[in-house]
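The values are calculated or read from the model by the stated rules, or taken from the named source; none is laboratory data. On a predicted model such as this, the values are computed, not experimentally measured, just so you know. Cβ: placed from backbone, ideal geometry, glycine included. Neighbour counts: every protein chain shown.
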Amino acid sequence: MMRIAVWCHDLSDSYLKKVTQLGADCIDGVEAPTVPGENYPDLDELLKIKKKVQSWGLRLNRVSAILGAAFMKGQEGGDKELEAACRTVQVYGEAGVPLVRLSFHNDTFPWMGKHLDAVHRGGYTMRGESLAHAEDQSGPPPLEELYFWWERLCLAYKKLVPIAEEYNVKLMTHPSDTPHPDSPLGGLNFHRLIDAFPSPNVGYLYCCGTRHEAGGSALILDEIHNYGRKGRIFEVHFRNVRGSLPTAGGFEEVLLDDGDNNMFKILLELHRVGYDGTLNPDHVPTLEGDGPDNGQGLAYSVGYIKALFAALAAVA
């Protein structure tokens with residue numbers, strides 16, 4: 001059964017009460033500085049946080065381990081960064097947190113697009129990107145730089161995968177955002193990851209929005225069918241987008257009902273491949289009347305996903 005995850009805006013009783021009332025099931029992104037620790041999380045403090053989240057009937061679902069600039073660039077201090085990432089995965093496994101996202105320094109190499117604030121119905125705004133208005137026309141980084149980045153990624157995974165297997169952690173990677181063809185995880189390398197590391201503990205934080213930006217709705221359905229049948233989708237960022245880089249030369253992020261994707265078709269395909277993980281609406285816009293925690297946008301997003309769940313139950 002699929003569930004709804006929301007970001008850890010904070011760990012106050014007020015916020016946890018709110019997301020429980022909205023119908024969320026899980027909390028994502030409880031990590032430094034929320035979790036104290038020296039270079040890696042303190043297990044006892046993490047368990048206290050987990051207990052508090054569970055006291056509201058929620059599940060601590062997804063956290064991150066970070067590979068910094070020194071490691072990804074092969075610089076002095078990189079070994080310590082990798083060691084800290086390994087220890088981080090171990091601690092999360094000891095705490096029984098099921099999902100760890102591996103995040104990297106500079107995994108996009110932005111060079112083509114220009115970010116913009118796109119305005120939509122009623123005046124709500126969300127992020128967009130345009131190739132036509134790009135200020136940096138220097139082109140992609142040299143292939144040697146991309147190859148080196150991939151080598152460093154593989155080196156990290158060789159260390160991390162055995163730890164993930166030992167401590168029953170699912171180690172997942174998010175595609176490059178923005179997914180330009182020459183971004184490290186925007187094209188072939190995104191597909192190559194599970195080929196290079198065939199462990200069942202290695203997979204994807206599959207982002208519908210980012211993958212739409214790379215190729216549209218058909219690409220999303222194809223990749224869900226491919227990765228989902230292999231059991232390699234561990235979590236889904238459930239986002240909608242208008243336009244894509246190859247078809248429109250840009251894109252705009254939008255509310256779940258306001259873009260090119262038929263979100264019910266995506267949900268149905270996830271169901272067909274047996275996906276039973278979490279959906280996180282991820283990029284939640286600020287709507288009229290919102291406070292600092294984007295409560296109105298979050299309420300809309302969770303409510304929309306719950307309505308899709310009800311529709312799926314009626315036809316499945």
Which of the residues spanning segment 185-196 are surrounded by fewer than 23 Cβ atoms within 10 Å (Cβ to Cβ) and part of a loop (DSSP other than H, G, I, E, B)? 187
Just need a number here: residues in segment 270-316 that are crowded, with 17+ Cβ neighbours inside 10 Å, over 18 Å from residue 121 (Cα atoms) and small (Gly, Ala, Ser). 2
Could you go through segment 176-194 and let me know if any residue there is more than 25 Å from residue 240 (Cβ to Cβ) and at pLDDT 95 or above. no
Scanning segment 23-33 for residues that are surrounded by fewer than 20 Cβ atoms within 10 Å (Cβ to Cβ) and in contact (Cβ under 8 Å) with a residue 40 or more places away in the chain gives 23, 25
Identify, please: which residue in segment 34-45 is without any contact (Cβ under 8 Å) to a residue 12 or more places away in the chain and either within 19 Å of the chain's Cα centre (by Cα) or farther than 15 Å from residue 64 by Cα (or both) and is, among those, surrounded by the fewest Cβ atoms within 10 Å (Cβ to Cβ)? 38
In segment 132-180, the residues that are among the polar types (S, T, N, Q), assigned to a loop (DSSP other than H, G, I, E, B) and surrounded by 18 or more Cβ atoms within 10 Å (Cβ to Cβ): 176, 178
Residue 199 meets each of (1) crowded, with 18+ Cβ neighbours inside 10 Å; (2) within 21 Å of residue 94 (Cα to Cα) with one exception, condition (1)
Going by what's in this entry, would residue 47 be described as farther than 21 Å from residue 204 by Cα, hydrophobic (A, V, I, L, M, F, W, C) and in contact with a Ser or Thr (Cβ under 7 Å, 6 or more places away or on another chain)? no
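Consider segment 115-150. How many of its residues are of a type outside the set (Ser, Thr, Tyr) and under 22 Å from the mean Cα position of the chain (by Cα)?
11
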Contact list, first residue from segment 1-21 and under 16 Å from residue 297 (Cα atoms), second anywhere and in a loop (DSSP other than H, G, I, E, B) and modelled with pLDDT under 95, beta-carbon distance below 6 Å, six or more apart or interchain, is 7/29; 8/29; 8/30; 9/293; 15/9
Selection from segment 101-120 of residues touching a helix residue (DSSP H, G or I) at 6+ places or on another chain (Cβ under 7 Å) and either acidic (Asp, Glu) or at pLDDT below 85 (or both) yields 105, 106
Considering each of 250, 277, 297 in turn, give the residue that is within 26 Å of residue 179 (Cβ to Cβ) and touching a Pro at 6+ places or on another chain (Cβ under 6 Å). 297
Selected residue (only one of 77, 57, 68 is over 27 Å from residue 162 (Cβ atoms) and either in contact with a Phe, Trp or Tyr (Cβ under 8 Å, 6 or more places away or on another chain) or small (Gly, Ala, Ser) (or both)): 57
